Amino acid sequence: MRIELGRRDVNKPLPFKDHSVDFVMAAHSLEYADNLTEALTELYRVCRHKAIVCMVLPYAHVSAHMVNPQFKQLFNEHSPRYWTRSAESVISQDEFVLTQNAAWSLHEKSPVDLRLLRMEFFYFPAYNTGFDRIELSLLRQSQMNVAYQMMLHLVVVKGTITQSELLQMKDTAKFEEPDDLAEHRKAGTERESRDQIFYLDHLDPVVEQRKAKKPASKAAVLPDSKRTDAPRRKKESSQRSSLSKRTSKKPKPSKSTTKSR
């Protein structure tokens, strides 16, 4: 059985038997749940083992979302880590650069077991070009108004499943999605950003370490004193200061050589 979860369905019991659903489409609905844990528990109840759940959710780090009185819940890349007790994941660690937890699960007593297979972000026009995946990951986790929504594909786990099975599902499954997302994706690729409205200079050490496949020791903003280009920046700052002092001095009035008669 396949079901579509609407905004009116997330705050009441679902009229389906236990373990009877193979696929759930939950697009723009879970943000209206009064109690997210209860809504996910009810969804988990009706799903069979290895059922697929597609969620389209508002991304938390958007100023308009934070003040929307209709949104009861907000989500980011860490949300699915609270929906399982499993310490393993098939998602790249590059999507979670700014985290202090090595294990995947952030909720040891989660009442549901939803394993993330796929995660896609939809970005505001200024970020559709000019940044690679690692840079976008850093930007959306550290800045506001970078990504506006995310789509998750999760598998319901109610029995035994191996990590190799999850990897195979991730690599070979054809994931369904709402029709309108294809238009969002197409529009995003057609737009071009003329200027980068945010620069990643202060995150260069993290970016370079990630690109070199080396774990970052600290996913934090580095002060100028610890940057590799600190001497150059100090010299440039000194030159600007010196120039400012010279231009700020008033020129002395020149002596007139004409004698009055």
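The values are calculated or read from the model by the stated rules, or taken from the named source; none is laboratory data. Just so you know, these numbers come straight off a predicted model, no measurement behind them. No Cβ is skipped: glycine too gets one built from the backbone with ideal geometry, and neighbour counts run over all protein chains shown.
Within the range 179-190, residues that are at pLDDT 75 or above have Cβ atoms under 9 Å from residues that are among the small types (Gly, Ala, Ser) and surrounded by 10 or more Cβ atoms within 10 Å (Cβ to Cβ) in these pairs: Asp180/Ala27; Leu181/Ala27, counting only partners at least 6 apart in sequence or on another chain.
Taken residue by residue, the range 89-107 has at least one member that is more than 15 Å from Tyr59 (Cα to Cα), buried (at least 18 other Cβ atoms within 10 Å of the Cβ) and touching a Phe, Trp or Tyr at 6+ places or on another chain (Cβ under 6 Å).
Inspection of the range 130-142 finds no residue satisfying the criterion of being farther than 25 Å from Glu183 by Cα and either at pLDDT 95 or above or not assigned by TED's automatic domain parsing to the domain that holds Arg85 (or both). From the list Pro69, Pro111, Pro58, Pro13, the one residue that fits, being under 26 Å from Asn145 (Cβ atoms), over 18 Å from the mean Cα position of the chain (by Cα) and outside any helix (DSSP H, G or I), is Pro69.
Mind listing whichever residues of the range 129-162 are outside any helix (DSSP H, G or I), farther than 26 Å from Ala173 by Cα and not hydrophobic (A, V, I, L, M, F, W, C)? Full working, then the answer.
Of the residues in the range 129-162, the ones outside any helix (DSSP H, G or I) are 129-132, 143-162.
Next cut, farther than 26 Å from Ala173 by Cα only: 129-131, 143-146.
Of everything in the range 129-162, those that are outside any helix (DSSP H, G or I), farther than 26 Å from Ala173 by Cα and not hydrophobic (A, V, I, L, M, F, W, C) turn out to be Thr129, Gly130, Gln143, Asn145.
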